[in-house]
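The values are calculated or read from the model by the stated rules, or taken from the named source; none is laboratory data. Just so it is clear, the model here is predicted, and its values are computed rather than measured. Cβ: placed from backbone, ideal geometry, glycine included. Neighbour counts: every protein chain shown. Note: accessible area is taken over every heavy atom of the protein model, side chains too, but ligands, DNA and RNA are not part of it. Shrake-Rupley method; radii C 1.70, N 1.55, O 1.52, S 1.80 Å.
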Amino acid sequence: MSKLHLVFGGRVSDPQGLDFVDLGALDVVGLFPDYKSAEKAWRAAAQRTVDDAEMKYVVVHLHKLLEPDVEGEG
């Protein structure tokens, strides 16, 4: 299985948390085949909103959710 990564972001109620205010308004940046490309996309998206403390972008390791018992890096 590919090591899929999802990058998305949106407005959060607390900048230190992950409680997204409006799930319908999430910005889905995309799916990526490796962490390096996902991180690059995450950095670009986060940089665009660096002055807005309530906007947060994250990288989700989808492969870890789909196959939680499989060990491996990234």
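So here's what we get for this one:
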read-out	value
Matching option when the condition is part of a helix (DSSP H, G or I) and of a type in the set (D, E, K, R), among 40, 56, 3	40
Filter result (in contact (Cβ under 8 Å) with a residue 24 or more places away in the chain, open to solvent by 90 Å² or more (accessible area, probe 1.4 Å) and within 12 Å of the chain's Cα centre (by Cα)) within segment 15-74	18, 31, 35
